[in-house]
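A short write-up of the structure that comes next.
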Amino acid sequence: MQVDERGFPDAGDPPKTGRWKLIGPGIVAAATGVGAGDLVATLIAGSRFGYALLWAAVIGCIVKIALAEGSARYHLATGSTILEGWKSLGKWTSWYFGIYIMIWGFVYGATAMSATALPLAALFPFLPLWAWAMISGLVCAAFVAMNKYQMFETAMKLLIGFMFVVVVGVAIMVVPNIGEALTGLVPSLPEGSIIYTLGLIGGVGGTITMASYGYWVNAKGWRTPAWMGIMRLDNRVAYIVTGIFVIAMLIIGAELLYTAQITLSSGDRGLLDLDEVLRERFGPFVSVMFLLGFFATSVSSILGVWHGVSLLFADFVRNARGETGARQDLEKSPAFRFYLFWLTIPPMALLWFGRPFLLVVIYGALGAFFMPFLALTLIWLLNSSRVPKEWRSGWLSNGLLGIAALLFIVLCVNEVIGLIAG
């Protein structure tokens, strides 16, 4: 990879052929965003309503395409980062993001490590769950710290490729009802499905990591508006893959669980329930492959967050200090390594003692506000003079970002009401 006069990775001018070979940052973003909890939420939607909410999964992917595209477009069109854009909107954005990223990282670190430990403990029960959780966090932190972006991207592609083959393979094995699946593409709301519908549209495919997409695009060496077309191809392919992935999970839920009226546990442990169903139906080989796919899903989320959100934190610190020329060193910066530590070591206390109630409430409240914050600030930034006129949002982008903002505001209100009531 070449570097420019400032030391930034620079891929030069985009090639005229072979563009498909360059796809990568979008795959990283999509693999990071699809976690074990998202898979369970999709499975539960399929197990409760069959194919009726298939249309919501498709819309969810379209919404995520718009959000990720907007984030990366700001990077490419302006040469600035999304953190610099937020800073230009006022100090309130820095206060909100700074508090959010610290609390989010502490709680998410324990959640992600636990999710990755579940399939490992099922496959290799000679170590307890907490030990596998700690090993997962430490190994992923070491990998991110010792490798540059290209090696990280390669690992993420391998993981999402494996989990894609496993999940789509299982969906084919359960023999989907094509007629009912096509019917599910027609929007409908079965009784009691509104919250599941909103969650399916808003939940699968990333939260804070969507803001990391622009940094991964830059790490790939895509720096100028000339790369806009390849970025959009990369983004669309990634979320089409995510859409197929989500539809496959909905098919598994509809065919394997809905017809047999099997109920899954909520949260990551629901995938262990599904593993038992697969073992009874298809035997131990499919069960083991599914657990490995579960592991690939979970560890890709750890790696993506450990790398992408650490970049966001490092850029947050750079902006807070008023540094303007050190973006090329974000992966090497003390702030990046501190956040890797923050995601890995302090959350281990939560593995032992559980999550304090107040921390969970604050985490839930701040997290509920992040996606409306991202959608609304993207609308603001991408329609302002900060962006050259030819790269400002048109009616389609504004419409999709507006739908995303409205959707996430509804989800935010629902989450806050749930926290107050709970």
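The values are calculated or read from the model by the stated rules, or taken from the named source; none is laboratory data. This one's a predicted model, so the numbers in the text were calculated from it and none came from an experiment. Because the Cβ atoms are built from the backbone with ideal geometry, glycine has one as well, and the counts that use them run over all protein chains shown.
Points worth noting:
- Residue match in region 130-150 (condition: over 16 Å from residue 306 (Cβ atoms) and free of Cβ contacts under 8 Å to residues at least 24 places away in the same chain): yes
- In region 310-338, the residues that are among the β-branched types (Val, Ile, Thr) form Cβ pairs under 7 Å with partners that are at pLDDT below 95, at six or more places apart or across chains, as follows: 317/335.
- Of the residues contained in region 131-153, one or more are found to be at pLDDT 90 or above and of a type in the set (Asp, Glu).
- Matching entry among 198, 233, 250 (being modelled with pLDDT under 75 and within 19 Å of the chain's Cα centre (by Cα)): 198
- Residue within region 116-129 that is over 21 Å from residue 279 (Cβ atoms), buried (at least 16 other Cβ atoms within 10 Å of the Cβ) and modelled with pLDDT under 90 present: no
- Given (1) within 27 Å of residue 291 (Cα to Cα); (2) modelled with pLDDT under 90, number of the condition residue 179 does not satisfy: (1)
- Selected residue (criterion: modelled with the lowest pLDDT) from residues of region 73-115 that are closer than 28 Å to residue 38 by Cβ and either of a type in the set (S, T, N, Q) or in contact with a strand residue (DSSP E or B) (Cβ under 8 Å, 6 or more places away or on another chain) (or both): 111
- On inspection, residue 228 does not qualify as at pLDDT 80 or above and in contact with a Gly (Cβ under 9 Å, 6 or more places away or on another chain).
- Of everything listed in (1) modelled with pLDDT under 85; (2) closer than 21 Å to residue 162 by Cα, the single unmet condition for residue 258 is (2).
- Residue pairs meeting the criteria (Cβ under 7 Å; at least 6 apart or on separate chains; first closer than 17 Å to residue 30 by Cβ and in contact (Cβ under 8 Å) with a residue 12 or more places away in the chain, in region 286-301; second aromatic (Phe, Trp, Tyr) and in a helix (DSSP H, G or I)): 293/162; 296/162
- Selected residue (only one of 238, 226, 211, 219 is closer than 30 Å to residue 76 by Cβ, among the aliphatic types (A, V, I, L, M) and loosely packed, with under 15 Cβ neighbours inside 10 Å): 226
- Counted residues, region 383-403 - those being assigned to a helix (DSSP H, G or I) and in contact with a Leu (Cβ under 6 Å, 6 or more places away or on another chain): 1
- Scanning region 392-417 for residues that are over 23 Å from the mean Cα position of the chain (by Cα) and either among the small types (Gly, Ala, Ser) or modelled with pLDDT under 85 (or both) turns up 393, 394, 417.
- Of all residues in region 279-308 being surrounded by 24 or more Cβ atoms within 10 Å (Cβ to Cβ) and among the β-branched types (Val, Ile, Thr), the one that is farthest from residue 109 (Cα to Cα): 297
- Among the residues of region 385-401, those identified as buried (at least 16 other Cβ atoms within 10 Å of the Cβ) and of a type outside the set (Ser, Thr, Tyr) are 386, 387, 392, 398, 400, 401.
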